[in-house]
Amino acid sequence: MANSSRAPGRSRRLRTALVVSAAVGLLATAGAVVLPGSASAASTLGASAAERGRYFGTAVAVSRLNDSAYTTILNREFNQVTAENEMKIDALQPNQGQFNYGNADRLVQHARNQGMQVRGHTLAWHSQQPGWMQNMSGTTLRNAMLNHVTQVATHFRGQIAWWDVVNEAFQDGSSGARRDSNLQRTGNDWIEAAFRAARQADPNAQLCYNDYNIDNWNDAKTQAVYRMVQDFKSRGVPIDCVGLQSHFTGGSNYPSNYRTTLSSFAALGVDVHITELDIRNAPSDAYRNVVNDCLAVARCKGITVWGIRDSDSWRSNESPLLFNGSGQKKPAYDAVLAALNSGTPPPTGNPTTPPPTGNPTTPPPAGSCTATVTPGQVWGDRYNTSVTVSGASTWSVVVAITAPQRVSSTWSGSFSWDGSGNIMTVRSNGSGNTFGFTTMMNGNSSARPQIRSCTAG
């Protein structure tokens with residue numbers, strides 16, 4: 001959970017500092033080592049991630065930039081940084097109308113001097129609001145929030161690669177509901193309003209929604225965030241990415257369907273980021289799995305660990321990071337670097353900005369209908385999908401399945417396939433405007449069905 005947010009089963013507290021970054025693009029010098037009889041292999045996290053078109057970053061606390069041991073690891077290992085607390089609302093606008101950018105500017109300057117990218121965190125959040133904002137409500141609060149978004153995004157225009165525009169707006173549990181906060185009580189459109197204000201203030205920054213406990217694809221909270229992003233994309237609300245905090249603990253361990261979650265968000269036409277990774281006791285397998293899952297999804301742009309050394313972590317008693325308190329690399333570090341070095345470099349261009357993989361909602365040409373995909377239950381070897389058709393009472397929908405996946409069962413429609421078995425045509429059969437099917441993964445757990453067309457009549 002971003003910043004001082006609440007981890008499962010833990011009381012909320014302000015996170016202790018963390019630092020992040022690594023020289024972007026310095027792969028040939030300090031970033032690579034040549035092994036006898038082999039190709040060059042990167043020797044730092046940031047350098048290896050950059051070779052795969054991604055970043056590997058860390059959270060940074062400005063107060064630790066005077067710690068030489070800390071900055072040595074930061075500058076050597078990482079190519080992206082997130083401010084742990086310095087860009088939160090209470091830090092930047094402690095008094096209404098009086099902005100304090102000193103510490104945040106220092107962090108940005110350090111990152112830029114080292115060639116690191118910067119993630120802005122966060123523009124709108126129910127937590128860590130200054131007292132003057134906590135005492136507001138209604139239109140007054142809405143206007144104050146939008147002014148903060150506009151002023152801060154304008155100040156850092158051209159310096160921030162990604163903004164966590166809104167942080168942690170959904171509640172935990174099985175309801176899939178929005179969190180009851182003072183911002184939510186200004187109206188259900190407050191998240192949309194924040195994104196639109198951020199786009200206007202900095203048109204070139206990538207705008208993200210960030211949350212915790214949205215790692216397991218089956219969870220109601222994950223599905224609720226998915227539906228919000230799907231809605232935003234269908235209506236043209238400016239959202240470019242989703243951040244999964246991925247604080248894995250005893251109550252929220254690395255889920256086996258994590259890759260499904262990443263790929264399903266990506267299929268909406270947004271990038272995905274792993275934004276605050278830390279794992280209790282730093283098990284090598286879990287860290288390796290997270291890296292491999294990100295590398296397997298083209299639109300996973302990178303990973304940020306929430307701190308450098310265990311002693312810097314907000315969960316320091318759980319030893320969740322890649323370096324111990326003395327700054328020594330842990331086995332999890334070796335597992336992460338090996339996984340990164342085993343990843344396939346992109347063939348051409350910059351894979352951190354791949355073309356969209358398709359929008360589950362097909363925009364309707366004149367006289368046609370619209371088919372909207374809703375992901376369903378996911379198991380280890382298969383998953384369900386439902387499709388709802390609007391704009392016509394009789395229709396024909398063409399769906400593409402990525403080989404070697406195959407449809408094993410269907411319902412509420414008339415189904416037929418082409419010779420490849422990968423293109424499915426579904427026609428209305430009088431059982432309503434929603435049909436569904438089960439797809440066997442057959443070893444491909446990242447691809448999802450794509451709507452090719454929807455024809456009325």
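Kindly provide the helix-only [θ] at 222 nm of the chain, computed as the sum of -39,500 (n - 2.57) over DSSP H runs of four or more divided by all residues, to the nearest 500 deg cm²/dmol?
On the way: 11 runs with 117 residues, N = 457.
Rounded to the nearest 500, the figure is -7500 deg cm²/dmol.
Under the classification rounded if a/c is under 1.5, otherwise prolate if a/b is larger than b/c and oblate if not, where does region 113-237 fall, given a ≥ b ≥ c as square roots of the Cα gyration tensor eigenvalues? Kindly include the intermediate steps, with their values, before the conclusion.
Numbers: a/c = 1.65, a/b = 1.18, b/c = 1.40.
In terms of gyration-tensor shape, oblate.
Accessible area, 1.4 Å probe, largest first: how do SER396, SER246 sort?
Details: SER396 25, SER246 0 Å².
The ordering from most to least exposed comes out as SER396, SER246.
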Surface per residue (accessible, 1.4 Å probe) for the chain, Å²: 37
Sorted by accessible area (1.4 Å probe), largest first, how do ASP285, ASP164 line up? ASP285, ASP164
Cα centroid of region 261-283 to Cα centroid of region 151-222, whole Å: 16
Of the residues ALA59, GLY115, ASN100, the Cα lying farthest along the dipole of region 52-158 towards its positive end, which is defined by charges on the beta carbon of Lys, Arg, Asp and Glu, belongs to GLY115
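How would the chain be classified by its alpha-carbon gyration tensor: rounded, prolate or oblate, with rounded meaning a/c under 1.5 and the a/b versus b/c comparison settling the rest?
Details: a/c = 1.95, a/b = 1.32, b/c = 1.47.
Oblate shape, in that a/c is at least 1.5 and b/c is the bigger or equal ratio.
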Note down the magnitude of the dipole of the chain about its Cα centre, charges +1 on Lys and Arg C-beta and -1 on Asp and Glu C-beta and zero elsewhere, to the nearest 20 debye. 280
Between the alpha-carbon centers of region 117-138 and region 403-433, tell me the distance in whole angstrom. 47
Please identify the longest segment of the chain free of exposed trypsin sites (Lys or Arg not before Pro), where exposed means a DSSP state other than H, G, I, E or B and no more than 16 other Cβ atoms within 10 Å. 180-457
Solvent-accessible area of TRP379, probe 1.4 Å, all protein chains present, reported in Å² to the nearest ten, please. 90
Largest first, how would THR71, THR140 line up by accessible area (1.4 Å probe)? THR140, THR71
Among the helices of the chain (complete DSSP H runs), which have Cα atoms covering no less than 24 Å along the helix axis and a Kyte-Doolittle mean of at least -1.0? 138-155
Just the number, please: carbon plus sulfur as a percent of the accessible area of region 39-134, 1.4 Å probe, no ligands or DNA/RNA counted. 40
Nearest-10 value in Å² for the accessible area of HIS110, using the 1.4 Å probe: 40
Once Lys and Arg get +1 and Asp and Glu get -1 on their Cβ, which of VAL237, GLN223, SER396 lies farthest toward the positive end of the dipole of the chain? SER396
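Count the lysine pairs in the chain that are 8 or more places apart or on different chains: how many have C-alpha atoms under 28 angstrom apart?
Values: LYS88/LYS221; LYS88/LYS233; LYS88/LYS301; LYS221/LYS233; LYS221/LYS301; LYS233/LYS301; LYS301/LYS329; LYS301/LYS330.
Summing the qualifying lysine pairs gives 8.
The values are calculated or read from the model by the stated rules, or taken from the named source; none is laboratory data. Please read all numbers here as calculations on a predicted model, not as lab measurements. Neighbour counts are summed over all protein chains in view; Cβ atoms, including those assigned to glycine, are modelled from backbone coordinates with ideal geometry. Calculation scope for accessible area: heavy atoms of the full protein, side chains included, ligands and nucleic acids excluded. Shrake-Rupley method; radii C 1.70, N 1.55, O 1.52, S 1.80 Å.
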